[in-house]
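As structure tokens, the structure follows; a few thoughts come after it.
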Amino acid sequence: MDGKHVRIDPPLQSGSMYYNFHEFFSIVLLVLVDAQLKFIYIDVETNGRASDRGIWNKSVLKLCLDNDSIPIPGPSRLPGTDEEFPFVIIGDERFTLSEKLLIPYSKDALANRRDRRIFNYRLSRARRCSENAFGVMGARFQIFRAPMRYDPDDARDVVLAAVCLHNYLRTHSVGRAMYTPSSILDIEDETGGMIHLGEYRQEPALGLAGFANQGGNRHANSALELRDRWCAYFNNIGRVPWQDQMIDARRLNVN
């Protein structure tokens, strides 16, 4: 799951309704992205004035998750273990941890905890899907290069059209090869411990801005315990051969 503020020109007679705390006017695009870089849920009904934390809290998706009205499969055993783990949505630290939404450990919680760094790395691999999807759509559709000069309703229609076209081009093999060649995507080199940045980064979508990490989220104990279980799984039975190398490479790059 990820979200973007879609920049728009100031709507006439709208006051501060669409003015966000990033200090520009926007509508909000909240999405779920699958492993094929397709948008499988979108919410573009919120104006930019809402806080980034409040955008998720008032979304239809959260409401449906909270009242169990989405037919998500029940908990399942992961390979190599008798433990059952629930299906979860993966987000970043800008969202609130729950038993249905898995987010990384905060920087403060990583001190001298290699196991948690590995957990965060494993989540970042999955979150790269949403980063690539937004990056490709922003690079391919030039409407996202600058603030949209439309009123909010028309801007929402433009965003919906772009999302639908993106999904169409990702679905059909001929279009997919032309629309998203491998060079345009961020790709991980599992042997060299490096991330090769995609060409979409050379064409920044200035009309799209990420959510901000406002901090101060309070997480339920049950959600914290579940995240620790995932962490233990990724560091033991569910480990992959290159994760230690990737963690060491990241620490070298940071230092």
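Please sort through the DSSP H helices of the chain and keep those with an alpha-carbon extent of at least 20 Å along the long axis and a Kyte-Doolittle average not below -0.5.
152-171
Grab the Cα-Cα distance for R149 and D189, subtract it from 0.36 nm times how many residues apart they are, and report the gain in nm with one decimal.
10.4 nm
For K58, give me every one of the lysines with a C-alpha distance below 21 angstrom, ignoring sequence neighbours fewer than eight places off in its own chain.
Cα-Cα hits under 21 Å: K4, K100.
Classify the stretch 146-232 from the C-alpha gyration tensor, please: rounded if a/c falls under 1.5, else prolate or oblate depending on whether a/b exceeds b/c.
Oblate is the answer for the stretch 146-232, as a/c is 1.5 or above yet b/c matches or exceeds a/b.
Using Cα pairs closer than 8 Å and at least 6 residues apart in sequence, work out the relative contact order for the stretch 1-84, in percent.
22 percent
Before rounding to the nearest 500, sum -39500 (n - 2.57) across all DSSP H runs of length at least 4 in the chain and divide by the residue total; then give [θ] at 222 nm in deg cm²/dmol.
-12000 deg cm²/dmol
Rank these by accessible area, largest first, 1.4 Å probe: L226, L169, L197.
From most exposed to least exposed: L197, L169, L226.
Counting only DSSP beta bridges with both residues in the chain, what percent are antiparallel, rounded to the nearest 5?
90 percent
Give me the distance between the Cα centres of the stretch 146-202 and the stretch 1-23, rounded to whole Å.
22 Å
What's the FRET efficiency of S16 with L160 using the Cβ-Cβ distance as r and R₀ = 25 Å, to the nearest 0.05?
Step by step, r from the Cβ atoms, then E = 0.50.
What list of whole percents do you get for P(r) of the stretch 1-92, with Cα-Cα distances grouped in 10 Å bins up to the one holding the largest distance?
Calculated P(r), rounded to whole percents: 14, 37, 28, 14, 6, 1.
Quick one: which residues, 5+ away or cross-chain, put their amide H under 5 Å from the amide H of L101? H built at 1.01 Å from N.
Answer set, sorted by chain and number: I89.
Provide the net charge surrounding R77, with neighbours chosen by a C-beta distance below 11 Å and charges set as Lys +1, Arg +1, Asp -1, Glu -1.
-3
Express the Stokes-Einstein translational diffusion coefficient of the stretch 108-183 in µm² s⁻¹, to the nearest whole number, given a Kirkwood radius over alpha-carbon pairs, 20 °C and a viscosity of 1.002 mPa s.
Estimated via Stokes-Einstein, D reaches 143 µm²/s.
With a 1.4 Å probe and every protein chain kept in, tell me what percent of the accessible surface of the chain is carbon plus sulfur.
52 percent
When you have a sec, figure out the Kirkwood radius of the stretch 1-50 from all distinct Cα pair distances and drop it here in Å to one decimal?
11.6 Å
Report relative contact order for the stretch 107-255 in percent, whole number only (criteria: Cα-Cα under 8 Å, sequence separation at least 6).
34 percent
The values are calculated or read from the model by the stated rules, or taken from the named source; none is laboratory data. All of these numbers come straight from a predicted model, not from anything done at the bench. Neighbour counts are summed over all protein chains in view; Cβ atoms, including those assigned to glycine, are modelled from backbone coordinates with ideal geometry. Accessible surface is based on the protein model in full, side chains and every heavy atom, while ligands, DNA and RNA are left aside. Shrake-Rupley method; radii C 1.70, N 1.55, O 1.52, S 1.80 Å.
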